[in-house]
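Comments concern the structure below.
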Amino acid sequence: PLFNEPASARRAVDVACLLHWPRDAIEIQILDDSEDGTRTVVDDACAEWRERGVVCNVLRVNKMLRGKARRTKAAALEYGRTRTAADFITVLDADAVPGQDYLEKIIPYFYDERGERRSEIAVVQPSVGFRNAKQNFLTMHQAFKEEAET
């Protein structure tokens, strides 16, 4: 999901499209509710990835939500969910930078040792790291707090 984040938009699209997963089994949805230059950044980035053979779709969430009282991330995610047939959905915020092997690490949790789907597993929440943990006191505090809670 994106909302007026031109500085993060290109990286967010690139990070999602670089995830290691069979290309015929992955669909990237960029849920963009932006009202600024982010839209152009997203459109250009997704077009480049489509030229490389990646399914990268931009969903303009604000069209669906226009006039509604609640233009929220939850509403945007539900909009995207109803427009995919995917068995698994991964949500990455615009500032998230998971490793390219992220899906290869996460998806196995949904299967048992025989390769059968585990019905008791619905969500997997990985730990969060901070790229800028040593930048200043605030980022150090956030990283320390996150680490202490996991």
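The values are calculated or read from the model by the stated rules, or taken from the named source; none is laboratory data. Computed from a predicted model, the values in this text were never measured in an experiment. Neighbour counts run over all protein chains shown; Cβ positions are idealised from the backbone, glycine included. Just the protein is used for accessible areas: all its heavy atoms, side chains included, with ligands, DNA and RNA removed. Shrake-Rupley method; radii C 1.70, N 1.55, O 1.52, S 1.80 Å.
At-a-glance table
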quantity: Rotationally averaged projected area of the chain (alpha carbon convex hull; nm²); calculated: 11.2 nm²
quantity: Cα-centred dipole magnitude for the stretch 1-63, charges only on beta-carbon of K, R (+1) and D, E (-1), debye, nearest 20; calculated: 120 debye
quantity: 10 Å Cβ shell holding at most 15 others, DSSP loop, trypsin sites (Lys or Arg not before Pro): longest site-free stretch of the chain; calculated: 1-51
quantity: Residue-normalised accessible area of the stretch 79-134, expressed per residue, 1.4 Å probe, Å²; calculated: 76 Å²
quantity: The chain - percent relative contact order, Cα under 8 Å, separation 6 or more; calculated: 25 percent
quantity: Separation of the Asp87 and Gln135 label points, Cα + 7 Å toward Cβ, nm; calculated: 3.8 nm
quantity: GluC sites (Glu not before Pro) restricted to the stretch 10-119 and DSSP loop, no more than 11 other C-beta within 10 Å; calculated: Glu35, Glu113, Glu116
quantity: Net charge over other residues, Cβ less than 9 angstrom from the Cβ of Ala94 (K, R count +1; D, E count -1); calculated: -2
